[in-house]
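The values are calculated or read from the model by the stated rules, or taken from the named source; none is laboratory data. Predicted model only: the values in this text are computed from it and were never measured. As a convention, Cβ positions derive from the backbone with ideal geometry for all residues, glycine included, and neighbour counts pool all protein chains shown. These area figures cover heavy atoms from the full protein model, side chains too; ligands, DNA and RNA do not enter into them. Shrake-Rupley method; radii C 1.70, N 1.55, O 1.52, S 1.80 Å.
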Amino acid sequence: MNPQIATITLNPAIDQTASIPNFQAGEVNRVDWEQADPGGKGVNVASFLTDFGFSVTVSGFLGKDNAELFQNFFSQKGIHNRFIPIPGKTRVNVKIIDPVQNQVTDINFPGQAPTQSDIQDLHRVIDELAKECDWFVLSGSLPAGVDSGIYGQMIQRLKAQDKTVVLDASGESFRQAIPFAPYAIKPNIDELQELMGRSLEGESAIAQAAQELLTQGLECVVVSMGAKGAIFVEPNQALIARPPKVEVISTVGAGDAMVSGLVTGKLRGLSLPDCARLATAFSMGALTQVGPRLPPTNKIESFTHQVNIQTL
Ligand SMILES: Nc1ncnc2c1ncn2[C@@H]1O[C@H](COP(=O)(O)OP(=O)(O)OP(=O)(O)O)[C@@H](O)[C@H]1O
Ligand SMILES: O=P(O)(O)OC[C@@]1(O)O[C@H](CO)[C@@H](O)[C@@H]1O
(Lines give C-alpha, C1' and ligand atoms only; values in the text may rest on other atoms or scores of the structure.)
(Ligands and ions follow the chains in the order given, each with its own letter.)
Protein backbone atom coordinates (compact mmCIF):
# COMPACT_ATOMS: atom_id res chain seq x y z
CA MET A 1 0.00 0.00 0.00
CA ASN A 2 1.36 3.45 -0.88
CA PRO A 3 1.93 5.77 2.05
CA GLN A 4 -1.04 8.05 2.54
CA ILE A 5 -0.25 9.60 5.92
CA ALA A 6 2.81 11.71 6.75
CA THR A 7 3.75 12.93 10.20
CA ILE A 8 6.07 15.89 10.64
CA THR A 9 8.10 16.19 13.85
CA LEU A 10 10.36 19.23 13.91
CA ASN A 11 11.62 18.42 17.39
CA PRO A 12 11.76 14.65 17.93
CA ALA A 13 13.22 13.20 21.11
CA ILE A 14 14.65 10.04 22.54
CA ASP A 15 12.37 9.39 25.50
CA GLN A 16 14.52 8.17 28.37
CA THR A 17 12.09 6.66 30.85
CA ALA A 18 13.20 6.11 34.45
CA SER A 19 10.93 4.28 36.85
CA ILE A 20 11.40 5.77 40.32
CA PRO A 21 8.99 4.52 43.00
CA ASN A 22 8.06 7.45 45.27
CA PHE A 23 10.05 10.04 43.29
CA GLN A 24 10.93 13.12 45.39
CA ALA A 25 12.01 16.39 43.73
CA GLY A 26 15.05 17.87 45.50
CA GLU A 27 16.17 14.47 46.86
CA VAL A 28 18.50 11.71 45.65
CA ASN A 29 16.30 9.25 43.73
CA ARG A 30 17.28 5.72 42.65
CA VAL A 31 16.11 4.37 39.32
CA ASP A 32 14.38 0.99 39.50
CA TRP A 33 14.40 0.33 35.72
CA GLU A 34 14.92 2.38 32.59
CA GLN A 35 14.03 2.29 28.91
CA ALA A 36 14.92 4.44 25.90
CA ASP A 37 12.43 4.85 23.04
CA PRO A 38 12.31 6.91 19.88
CA GLY A 39 9.76 9.65 20.49
CA GLY A 40 8.51 13.09 19.74
CA LYS A 41 4.84 13.54 19.00
CA GLY A 42 4.87 12.83 15.25
CA VAL A 43 7.13 9.80 15.67
CA ASN A 44 4.67 8.41 18.21
CA VAL A 45 1.70 9.07 15.91
CA ALA A 46 3.51 7.32 13.04
CA SER A 47 4.26 4.33 15.25
CA PHE A 48 0.68 4.00 16.53
CA LEU A 49 -0.77 4.29 13.01
CA THR A 50 1.71 1.70 11.74
CA ASP A 51 0.68 -0.69 14.54
CA PHE A 52 -2.90 -0.27 13.29
CA GLY A 53 -1.89 -1.23 9.74
CA PHE A 54 -1.31 2.09 7.99
CA SER A 55 1.63 2.94 5.81
CA VAL A 56 3.21 6.09 7.23
CA THR A 57 6.06 8.41 6.26
CA VAL A 58 7.91 10.47 8.86
CA SER A 59 9.83 13.69 8.39
CA GLY A 60 11.27 16.57 10.39
CA PHE A 61 14.82 17.06 11.67
CA LEU A 62 16.94 14.31 13.18
CA GLY A 63 20.38 14.85 14.79
CA LYS A 64 22.99 12.78 12.95
CA ASP A 65 24.96 11.82 16.06
CA ASN A 66 22.29 9.67 17.71
CA ALA A 67 20.01 8.76 14.78
CA GLU A 68 20.58 5.00 15.03
CA LEU A 69 17.80 4.31 17.54
CA PHE A 70 15.31 6.03 15.21
CA GLN A 71 16.66 4.41 12.04
CA ASN A 72 16.46 0.91 13.54
CA PHE A 73 12.95 1.58 14.84
CA PHE A 74 11.73 2.89 11.47
CA SER A 75 13.19 -0.02 9.53
CA GLN A 76 11.85 -2.59 12.05
CA LYS A 77 8.35 -1.13 11.78
CA GLY A 78 8.41 -0.37 8.05
CA ILE A 79 7.98 3.37 8.65
CA HIS A 80 9.17 5.39 5.62
CA ASN A 81 11.95 7.65 6.84
CA ARG A 82 12.24 11.08 5.19
CA PHE A 83 13.76 12.88 8.19
CA ILE A 84 16.36 15.52 7.33
CA PRO A 85 19.65 14.74 9.07
CA ILE A 86 21.13 17.77 10.86
CA PRO A 87 24.44 18.12 12.74
CA GLY A 88 24.49 17.23 16.45
CA LYS A 89 22.20 15.12 18.61
CA THR A 90 18.44 14.80 18.82
CA ARG A 91 17.38 15.84 22.34
CA VAL A 92 16.90 13.24 25.07
CA ASN A 93 13.74 13.91 27.11
CA VAL A 94 13.50 12.40 30.57
CA LYS A 95 10.23 10.76 31.65
CA ILE A 96 10.09 9.81 35.32
CA ILE A 97 7.32 7.35 36.00
CA ASP A 98 6.37 6.78 39.60
CA PRO A 99 4.22 3.67 40.12
CA VAL A 100 3.68 4.49 43.82
CA GLN A 101 2.35 8.03 43.50
CA ASN A 102 0.88 7.25 40.04
CA GLN A 103 2.44 10.23 38.37
CA VAL A 104 4.66 10.98 35.40
CA THR A 105 7.16 13.87 35.36
CA ASP A 106 8.29 15.11 31.94
CA ILE A 107 11.61 16.92 31.49
CA ASN A 108 11.63 18.16 27.89
CA PHE A 109 14.76 19.75 26.43
CA PRO A 110 14.80 22.56 23.83
CA GLY A 111 16.17 20.49 20.94
CA GLN A 112 18.78 20.89 18.23
CA ALA A 113 18.44 24.00 16.02
CA PRO A 114 18.12 23.45 12.25
CA THR A 115 19.58 26.03 9.83
CA GLN A 116 17.53 28.05 7.33
CA SER A 117 18.76 25.70 4.63
CA ASP A 118 17.52 22.66 6.66
CA ILE A 119 14.14 24.37 6.94
CA GLN A 120 14.03 24.94 3.17
CA ASP A 121 14.90 21.24 2.69
CA LEU A 122 12.00 20.29 4.95
CA HIS A 123 9.52 22.40 2.96
CA ARG A 124 10.84 20.68 -0.19
CA VAL A 125 10.40 17.20 1.32
CA ILE A 126 6.87 18.06 2.44
CA ASP A 127 6.02 19.22 -1.10
CA GLU A 128 7.33 15.89 -2.40
CA LEU A 129 5.36 13.95 0.21
CA ALA A 130 2.22 15.83 -0.82
CA LYS A 131 2.39 13.96 -4.15
CA GLU A 132 1.67 10.66 -2.38
CA CYS A 133 0.15 11.48 1.03
CA ASP A 134 -3.34 12.87 1.65
CA TRP A 135 -3.13 13.34 5.41
CA PHE A 136 -0.45 15.29 7.28
CA VAL A 137 -0.07 15.30 11.04
CA LEU A 138 2.07 18.20 12.32
CA SER A 139 3.01 17.64 15.93
CA GLY A 140 5.02 18.93 18.84
CA SER A 141 7.21 21.82 19.90
CA LEU A 142 9.60 23.71 17.66
CA PRO A 143 13.33 23.35 18.16
CA ALA A 144 15.39 26.41 19.12
CA GLY A 145 15.49 29.17 16.54
CA VAL A 146 12.58 28.03 14.36
CA ASP A 147 10.06 30.78 13.54
CA SER A 148 6.72 30.36 15.31
CA GLY A 149 4.95 30.92 12.00
CA ILE A 150 6.23 27.65 10.52
CA TYR A 151 3.14 25.55 11.21
CA GLY A 152 0.93 28.23 9.65
CA GLN A 153 3.14 28.26 6.54
CA MET A 154 3.02 24.47 6.26
CA ILE A 155 -0.75 24.37 6.67
CA GLN A 156 -1.21 27.05 4.02
CA ARG A 157 1.01 25.17 1.55
CA LEU A 158 -0.63 21.82 2.23
CA LYS A 159 -4.18 23.13 2.08
CA ALA A 160 -3.39 24.75 -1.29
CA GLN A 161 -2.72 21.18 -2.46
CA ASP A 162 -6.00 19.89 -0.96
CA LYS A 163 -4.32 18.00 1.88
CA THR A 164 -5.95 17.29 5.21
CA VAL A 165 -3.87 18.64 8.09
CA VAL A 166 -4.10 17.70 11.76
CA LEU A 167 -2.16 19.90 14.17
CA ASP A 168 -1.09 19.04 17.72
CA ALA A 169 1.06 21.87 18.99
CA SER A 170 1.26 24.34 21.84
CA GLY A 171 2.22 27.91 22.68
CA GLU A 172 2.99 30.57 20.10
CA SER A 173 3.40 28.27 17.09
CA PHE A 174 -0.04 26.78 17.83
CA ARG A 175 -1.64 30.22 18.23
CA GLN A 176 -0.17 31.48 14.97
CA ALA A 177 -1.33 28.38 13.06
CA ILE A 178 -5.03 28.59 14.00
CA PRO A 179 -5.99 31.31 11.44
CA PHE A 180 -4.72 28.97 8.70
CA ALA A 181 -7.49 26.57 9.72
CA PRO A 182 -6.06 23.06 9.93
CA TYR A 183 -8.73 20.37 9.54
CA ALA A 184 -8.39 19.25 13.17
CA ILE A 185 -6.48 20.15 16.33
CA LYS A 186 -6.01 18.26 19.59
CA PRO A 187 -4.94 20.58 22.38
CA ASN A 188 -4.97 19.29 25.93
CA ILE A 189 -6.92 21.42 28.37
CA ASP A 190 -3.86 23.47 29.44
CA GLU A 191 -2.94 24.17 25.81
CA LEU A 192 -6.53 25.22 25.04
CA GLN A 193 -6.66 27.56 28.05
CA GLU A 194 -3.37 29.14 26.97
CA LEU A 195 -4.67 29.55 23.41
CA MET A 196 -7.95 31.12 24.54
CA GLY A 197 -6.23 33.30 27.16
CA ARG A 198 -8.75 32.35 29.83
CA SER A 199 -9.42 29.59 32.30
CA LEU A 200 -12.08 27.09 31.20
CA GLU A 201 -14.09 25.60 34.05
CA GLY A 202 -16.45 22.76 33.22
CA GLU A 203 -17.36 20.81 30.12
CA SER A 204 -19.67 23.39 28.57
CA ALA A 205 -17.05 26.17 28.83
CA ILE A 206 -14.55 23.87 27.08
CA ALA A 207 -17.03 22.90 24.36
CA GLN A 208 -17.91 26.59 23.90
CA ALA A 209 -14.21 27.49 23.44
CA ALA A 210 -13.87 24.68 20.89
CA GLN A 211 -16.96 26.01 19.02
CA GLU A 212 -15.30 29.44 18.89
CA LEU A 213 -12.30 27.88 17.16
CA LEU A 214 -14.55 26.18 14.60
CA THR A 215 -15.77 29.61 13.49
CA GLN A 216 -12.21 30.19 12.21
CA GLY A 217 -12.66 27.37 9.68
CA LEU A 218 -11.42 24.32 11.60
CA GLU A 219 -13.61 21.25 11.18
CA CYS A 220 -12.87 19.26 14.32
CA VAL A 221 -11.52 20.20 17.74
CA VAL A 222 -10.59 17.55 20.29
CA VAL A 223 -9.67 18.65 23.80
CA SER A 224 -7.98 15.98 25.88
CA MET A 225 -8.28 16.14 29.65
CA GLY A 226 -6.23 13.24 31.00
CA ALA A 227 -8.22 10.74 33.09
CA LYS A 228 -11.39 12.85 32.63
CA GLY A 229 -11.45 11.91 28.92
CA ALA A 230 -11.79 14.20 25.93
CA ILE A 231 -14.30 16.58 24.38
CA PHE A 232 -14.90 16.23 20.63
CA VAL A 233 -16.50 19.15 18.82
CA GLU A 234 -17.59 19.56 15.19
CA PRO A 235 -19.86 22.25 13.75
CA ASN A 236 -23.10 20.44 14.60
CA GLN A 237 -22.17 18.28 17.55
CA ALA A 238 -20.22 18.16 20.78
CA LEU A 239 -19.61 15.16 22.99
CA ILE A 240 -17.43 13.91 25.80
CA ALA A 241 -15.72 10.51 25.64
CA ARG A 242 -14.93 9.11 29.07
CA PRO A 243 -12.44 6.25 29.41
CA PRO A 244 -13.06 3.48 31.94
CA LYS A 245 -10.62 3.22 34.86
CA VAL A 246 -7.43 1.75 33.43
CA GLU A 247 -4.18 0.62 34.96
CA VAL A 248 -1.76 3.28 33.77
CA ILE A 249 1.87 2.34 33.12
CA SER A 250 2.82 5.63 31.44
CA THR A 251 0.76 8.58 30.18
CA VAL A 252 3.53 9.63 27.75
CA GLY A 253 2.09 9.58 24.24
CA ALA A 254 -1.57 9.17 25.32
CA GLY A 255 -2.39 12.37 23.44
CA ASP A 256 -0.51 11.18 20.34
CA ALA A 257 -2.46 7.93 20.45
CA MET A 258 -5.67 9.98 20.57
CA VAL A 259 -4.58 11.89 17.44
CA SER A 260 -3.79 8.56 15.74
CA GLY A 261 -7.19 7.11 16.66
CA LEU A 262 -8.93 10.25 15.39
CA VAL A 263 -7.10 10.04 12.03
CA THR A 264 -7.94 6.33 11.81
CA GLY A 265 -11.62 6.98 12.55
CA LYS A 266 -11.82 9.77 9.98
CA LEU A 267 -10.05 7.65 7.33
CA ARG A 268 -12.58 4.89 8.02
CA GLY A 269 -15.44 7.35 7.60
CA LEU A 270 -16.73 6.84 11.16
CA SER A 271 -19.26 9.14 12.85
CA LEU A 272 -17.94 11.56 15.47
CA PRO A 273 -19.06 9.36 18.42
CA ASP A 274 -17.33 6.34 16.85
CA CYS A 275 -14.19 8.39 16.15
CA ALA A 276 -14.24 9.45 19.82
CA ARG A 277 -14.58 5.80 20.91
CA LEU A 278 -11.69 4.72 18.72
CA ALA A 279 -9.45 7.68 19.64
CA THR A 280 -10.02 6.99 23.34
CA ALA A 281 -9.36 3.27 22.81
CA PHE A 282 -6.02 4.12 21.14
CA SER A 283 -5.13 6.27 24.18
CA MET A 284 -6.08 3.43 26.54
CA GLY A 285 -3.78 1.16 24.53
CA ALA A 286 -0.91 3.63 24.84
CA LEU A 287 -1.40 3.98 28.61
CA THR A 288 -0.71 0.30 29.13
CA GLN A 289 2.85 0.46 27.73
CA VAL A 290 6.06 2.44 27.90
CA GLY A 291 7.04 3.68 24.42
CA PRO A 292 4.89 4.31 21.36
CA ARG A 293 3.31 0.91 20.88
CA LEU A 294 -0.29 -0.23 20.71
CA PRO A 295 -1.67 -3.57 21.84
CA PRO A 296 -3.11 -5.78 19.05
CA THR A 297 -5.95 -4.37 16.93
CA ASN A 298 -8.60 -6.69 18.46
CA LYS A 299 -7.69 -5.37 21.94
CA ILE A 300 -8.14 -1.78 20.72
CA GLU A 301 -11.50 -2.73 19.17
CA SER A 302 -12.56 -4.25 22.50
CA PHE A 303 -11.56 -1.05 24.39
CA THR A 304 -13.95 0.94 22.16
CA HIS A 305 -16.91 -0.80 23.86
CA GLN A 306 -15.77 0.44 27.26
CA VAL A 307 -15.78 4.13 26.32
CA ASN A 308 -18.71 6.16 27.57
CA ILE A 309 -20.02 8.79 25.14
CA GLN A 310 -22.26 11.60 26.28
CA THR A 311 -23.64 14.37 24.08
CA LEU A 312 -22.98 17.87 25.37
N1 LIG B 1 -4.93 8.50 33.77
C2 LIG B 1 -5.72 8.25 32.73
N3 LIG B 1 -6.75 7.36 32.83
C4 LIG B 1 -7.55 7.09 31.78
N5 LIG B 1 -7.41 7.67 30.56
C6 LIG B 1 -6.42 8.56 30.42
C7 LIG B 1 -5.52 8.91 31.47
N8 LIG B 1 -4.63 9.81 31.00
C9 LIG B 1 -4.95 10.02 29.70
N10 LIG B 1 -6.03 9.28 29.35
C11 LIG B 1 -6.65 9.20 28.02
O12 LIG B 1 -5.72 9.68 27.06
C13 LIG B 1 -6.23 10.89 26.44
C14 LIG B 1 -5.08 11.84 26.16
O15 LIG B 1 -4.41 12.12 27.37
P16 LIG B 1 -3.90 13.57 27.80
O17 LIG B 1 -5.04 14.49 27.94
O18 LIG B 1 -3.03 13.34 28.98
O19 LIG B 1 -3.05 13.98 26.49
P20 LIG B 1 -1.79 14.93 26.34
O21 LIG B 1 -1.72 15.90 27.47
O22 LIG B 1 -1.82 15.46 24.96
O23 LIG B 1 -0.62 13.85 26.46
P24 LIG B 1 0.83 13.76 25.78
O25 LIG B 1 1.28 15.17 25.46
O26 LIG B 1 1.69 13.09 26.83
O27 LIG B 1 0.70 12.90 24.57
C28 LIG B 1 -7.28 11.41 27.41
O29 LIG B 1 -8.24 12.22 26.75
C30 LIG B 1 -7.87 10.11 27.96
O31 LIG B 1 -8.81 9.56 27.05
O1 LIG C 1 8.44 18.99 23.73
P2 LIG C 1 7.24 18.56 22.90
O3 LIG C 1 7.60 18.45 21.45
O4 LIG C 1 6.02 19.37 23.15
O5 LIG C 1 6.84 17.10 23.40
C6 LIG C 1 7.77 16.06 23.29
C7 LIG C 1 7.21 14.82 23.96
O8 LIG C 1 6.97 15.00 25.36
O9 LIG C 1 5.99 14.47 23.34
C10 LIG C 1 5.84 13.06 23.27
C11 LIG C 1 4.62 12.65 24.03
O12 LIG C 1 3.49 13.28 23.51
C13 LIG C 1 7.13 12.47 23.80
O14 LIG C 1 7.52 11.38 23.02
C15 LIG C 1 8.12 13.60 23.74
O16 LIG C 1 9.17 13.52 24.67
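Would you be able to say whether some residue in region 82-99 is assigned to a strand (DSSP E or B), touching a residue at least 12 places away in the same chain (Cβ under 8 Å), on the phi > 0 side of the Ramachandran plot and of a type in the set (Gly, Ala, Ser)?
Looking for residues that are assigned to a strand (DSSP E or B), touching a residue at least 12 places away in the same chain (Cβ under 8 Å), on the phi > 0 side of the Ramachandran plot and of a type in the set (Gly, Ala, Ser), one finds none in region 82-99, hence no.
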In region 68-85, anything open to solvent by 10 Å² or more (accessible area, probe 1.4 Å) and out of contact with any Ser or Thr (no Cβ under 6 Å at 6 or more places or on another chain) is listed as Glu68, Leu69, Gln71, Asn72, Phe73, Ser75, Gln76, Gly78, Asn81, Ile84, Pro85
Name every residue in region 33-47 that is within 17 Å of Ile249 (Cα to Cα) and either within 14 Å of ligand 1 (Cβ to nearest atom) or touching a residue at least 24 places away in the same chain (Cβ under 8 Å) (or both), in order of residue number. Gln35, Ala36, Asp37, Gly39, Asn44
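Return the only residue of Phe109, Phe61, Phe73 being in a strand (DSSP E or B) and under 20 Å from the mean Cα position of the chain (by Cα). Show your work before the answer.
Numbers: Phe109 fails: in a strand (DSSP E or B); Phe73 fails: in a strand (DSSP E or B).
The unique qualifying residue is Phe61.
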Have a look at Glu194, Glu212 and point out the one that is open to solvent by 20 Å² or more (accessible area, probe 1.4 Å), within 14 Å of ligand 1 (Cβ to nearest atom), part of a helix (DSSP H, G or I) and assigned by TED's automatic domain parsing to the domain that holds Ala254. Glu194
Contact list please: Cβ distance under 6 Å, first residue in region 246-274 and of a type in the set (Asp, Glu), second residue within 15 Å of ligand 1 (Cβ to nearest atom), pairs at least six apart or on different chains. Asp256/Lys41; Asp256/Asn44; Asp256/Val45
The residue that is surrounded by the most Cβ atoms within 10 Å (Cβ to Cβ), considering only those in region 287-312 that are without any contact (Cβ under 8 Å) to a residue 60 or more places away in the chain and part of a helix (DSSP H, G or I), is Phe303
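Yes/no matrix, rows are residues, columns are (1) more than 16 Å from ligand 2 (Cβ to nearest atom); (2) in the same structural domain as Ser47 (by TED's automatic domain parsing); (3) at pLDDT below 95; (4) open to solvent by less than 10 Å² (accessible area, probe 1.4 Å):
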| position | (1), (2), (3), (4) |
| --- | --- |
| Val248 | no, no, yes, no |
| Val259 | no, no, no, yes |
| Val263 | no, no, no, yes |
| Ala276 | yes, no, no, yes |
| Gly285 | no, no, no, yes |
If I filter region 223-232 for residues that are within 14 Å of ligand 2 (Cβ to nearest atom) and part of a strand (DSSP E or B), do I get at least one hit? yes
Which one of the conditions (1) surrounded by fewer than 23 Cβ atoms within 10 Å (Cβ to Cβ); (2) among the hydrophobic types (A, V, I, L, M, F, W, C); (3) farther than 22 Å from Gly140 by Cβ does Ala241 fail to meet, given that it meets all the rest? (1)
